[in-house]
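Nothing in this text is a laboratory measurement; each read-out follows from the coordinates by a stated rule. Quantities reported herein were computed from a predicted structural model and do not represent experimental measurements. Please note: Cβ atoms are built from the backbone with ideal geometry, for glycine as well, and neighbour counts cover all protein chains shown.
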Amino acid sequence: MATLFISDLHLSVERPTIVELFLRFLRERCVRADALYILGDLFEYWIGDDAAEASGYLPVMEGLRKLTGTGTPVYLMHGNRDFLLDGTFEQATGVRLLPDPSIIDLYGQPVLLMHGDTLCTDDVEYQTFRATVRNPTWIGRFVSKGLKERRTIVESLRETSKAATAAKKPEIMDANQEAIEAAMTAYRIRRLIHGHTHRPAQHEFQLGGETAYRTVLGDWYDQGSVLICTPRSCALEQLG
Ligand SMILES: [Mn+2]
């Protein structure tokens, strides 16, 4: 019995080794799992379900479809790179989209799942940007454009974001402890799993007189990273 959590794979045709590692992970590690949760940024970017084939993402979707076909449920939360994943992707893969945040029952324990970017409240500039691109009007205008133009827009946003990131102090881009505690308090929960910051760790702290646990998932840049939870415990593992 095991439930698996991953995030921040940033899959793209430019990184075939990581795509292959992910497909192998689906075949070898996920088939007998109770569930697989993908907490955002599965893809480097997703410019619309209609662009899946042109973006070279069909092998990934096929791998997911095979896995859900064996009966393993796969849940996916939007990340900041792939928040346009939608119903056509769900239908093609059998993956179910989860809202951010979501609460799940993990072997009898309630656990709060988030992508994690909304916790980075010190990064005011990013939060402003996020509000802009998550606005339905912005999204509507974006998806009405052709694929080539959408790609150009995303690439220019990436360049701007890269330059901004390079100029920011690392601690500004980490999850803010007050935001973490506010979210956990609002949902009356003492366990949180999220990704986004690429700082894999298991944190323990006191919250309202109780021990609280926050697990941060790792990215898939140089290798894979997975959180494996059994009814007894959870452990972060690296995949090479
Ligand atoms: Mn992210």
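What share of the DSSP beta bridges in the chain is antiparallel, in percent to the nearest 5? List each step's numbers first, then the result.
Values: 21 of 39 bridges.
Within the chain, antiparallel bridges account for around 55 percent of the total.
Scanning the chain for cysteines with no neighbouring cysteine C-beta under 4.7 angstrom from their C-beta gives C30, C120. Listed by chain and number, the lysines whose C-alpha is less than 29 Å from the C-alpha of K162, apart from same-chain residues fewer than 8 away, are K145, K148. In plain terms, the residue of V216, V74, V31, V154 with the fewest other Cβ atoms within 10 Å comes first and the most crowded comes last, giving V31, V154, V74, V216.
Calculated FRET efficiency, R15 to Q177, Cβ-Cβ distance, R0 = 30 Å: about 0.40 to the nearest 0.05. Taking Cα centre as origin and charging only the Cβ of basic (Lys, Arg, +1) and acidic (Asp, Glu, -1) residues, the dipole magnitude of segment 71-144 rounds to 220 debye. Among the chymotrypsin sites (Phe, Trp or Tyr not before Pro) within segment 160-240, which fall in a DSSP loop and have no more than 16 other Cβ atoms within 10 Å of their own Cβ? Passing both the DSSP loop test and the Cβ count: Y187, Y221. Computed over the chain, the alpha-carbon pair-distance distribution with 5 angstrom bins reads 1, 6, 13, 19, 20, 17, 13, 8, 3, 1, 0, each value a whole percent.
Can you list the equivalent-ellipsoid semi-axes of segment 35-173, largest first and in whole Å, using the square root of 5 times each Cα gyration tensor eigenvalue? The partial results should precede the final answer.
Values: eigenvalues 136, 96, 31 Å².
Sorted largest first and rounded, they come to 26, 22, 13 Å.
Computed FRET efficiency, Cβ-Cβ of I153 and M1, R0 35 Å: what is it to the nearest 0.05?
Values: r = 44 Å, r/R0 = 1.26.
The calculated FRET efficiency here is 0.20.
Add +1 for every Lys or Arg and -1 for every Asp or Glu among the other residues with Cβ under 13 Å from the Cβ of S144, and state the total. Kindly include the intermediate steps, with their values, before the conclusion.
Numbers: positive: R141, K145, R150; negative: D50, E149.
Summing Lys and Arg as +1 and Asp and Glu as -1 gives +1.
Check each of the GluC sites (Glu not before Pro) in segment 41-85 and keep only those in coil by DSSP with at most 16 other C-beta atoms within 10 angstrom; list them in order.
Here the sparse-neighbourhood loop sites are E53.
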